[in-house]
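Worksheet: the structure to be examined is printed underneath.
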Amino acid sequence: MTLGTLFNLRCPGCDQAQPHGHLCPVCSQFLSDLGQRCALCAEPLQTTGLCGHCLQSAPDWDALHIPWRFDGLTRFLIHRYKYQRDRAAGHALLRQWHPPVHQHTPQALLAVPMHHRKQARSGFNHADDMVQFLSKSQQLPIYRDMTRQRSTRPLEGLNKAERKRELKDCFILKSPPPERVAIIDDVMTTGSTVAEITRTLKRHGTRFVTVWALARTPLSGSS
């Protein structure tokens, strides 16, 4: 038994003994499934297909996969992962998650870029950690040649048009991107950031973009 194994014998949700740091069967039941949702923005729906907003104005990306709502145990584990650098919490969620790799097979994974000053302050880039985990588990390469060239003010409280202006030309590429890319992040709120990343990728040759995130913050049509 390795030292790493010794420190990963507990469920990060309840701290009870659990092999390999997986969520225990009880905690797994407390992850809030999104249920019926729009196929492109993950807003709650009563039927299958697309919501009215996406039918009128489809998002920039081509497909999306988000398994859980951003509340309850899901929120608790993501906050531990993101703000306390608790990889065990994040990796437990990633082990529960099964991205539809064979449905929309990406040629590479892309972590939502973090500005270098923010990363220096936090010392941890959770999106990049997610990409490394998924790259190994799904046997997919990582595209690392997109950077965030400037820091942005907090997007909370801004409307859709203000968010778009704030993020415009925020991301730059150092090399041509693959034709099929999956953008990886922990939580999607309005989708403004992944929309700007998608537009940047498509201006430089990407043809199909999938968004993979752990959780969705429902916005009741304001995404």
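Quick notes
- Antiparallel DSSP beta bridges within the chain, as percent of all bridges there, nearest 5: 25
- Given charges at Cβ of Lys, Arg, Asp, Glu: the range 33-216 dipole, positive-most of Ala89, Cys38, Thr200: Thr200
- Cβ-placed point charges (K, R +1; D, E -1), dipole of the chain about Cα centre in debye, nearest 20: 600
- Scoring 164-172, 189-197 by mean Cβ neighbours within 10 Å over their residues and listing the highest first yields 189-197, 164-172.
- Mean shadow area of the chain, taken as a quarter of the surface of its Cα convex hull (nm²): 12.9
- Pairs of lysine residues in the chain - Cα separation under 19 Å, sequence separation of 8 or more or cross-chain: 6
- Per-peptide average of other Cβ atoms within 10 Å, ordering 136-146, 104-114 highest first: 104-114, 136-146
- Taking the helices alone, the chain has a mean residue ellipticity at 222 nm of -9000 deg cm²/dmol, built from -39,500 (n - 2.57) per DSSP H run of at least 4 residues and averaged over all its residues.
- Net charge contributed by nearby residues that have their C-beta within less than 14 Å of Leu77 (K/R +1, D/E -1): +3
Values quoted throughout were computed directly from the atomic coordinates according to the rules given, and no laboratory measurement underlies them. Please read all numbers here as calculations on a predicted model, not as lab measurements. Note that each Cβ is placed from the backbone with ideal geometry, even for glycine, and that neighbours are counted across all protein chains shown.
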